[in-house]
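Nothing in this text is a laboratory measurement; each read-out follows from the coordinates by a stated rule. Note that the coordinates shown come from a computational prediction; the quantities given were computed from them, not determined experimentally.
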Amino acid sequence: MTFGEMIGELALVPSTGGAFVVLLDGEEIFSRKEQGRFPDSKELKQLIRDRIEPEMSLGHSDN
């Protein structure tokens, strides 16, 4: 598990209209509408890490 106990909850909320938004503590960190694409898992890990533990190494996901 990448973030272990650093993340207490992860929720997927169904929506309509092709929305895909990632929020972290209420702050939008990714929006499909704004980016025009879906993120890959590496990008999501980096976005989350950069906000909760910037010094944390993600190993191969940092390359």
Item to check | Equivalent-ellipsoid semi-axes of the chain, from the Cα gyration tensor, Å, largest first | outcome: 22, 14, 10
Next on the checklist: I'd like the Karplus ³J(HN,Hα) series for segment 10-16: coefficients 6.51, -1.76, 1.60, θ = phi - 60°, whole numbers in Hz, and an x wherever there's a Gly or Pro.
Outcome noted: 9, 10, 9, 10, x, 8, 10
Item to check | Relative contact order of the chain, pairs being alpha-carbon contacts under 8 Å that are 6 or more residues apart, as % | outcome: 23 percent
Next on the checklist: Give me the extension gain from M56 to L24: residue separation times 0.36 nm, minus the current Cα-Cα distance, reported in nm with one decimal.
Outcome noted: 9.8 nm
Item to check | Principal-axis tilt of helix 41-52 within the chain, Cα atoms, nearest 10 degrees | outcome: 70 degrees
Item to check | Built amide H within the under 5 Å cut-off of L24, gap 5+ | outcome: I29
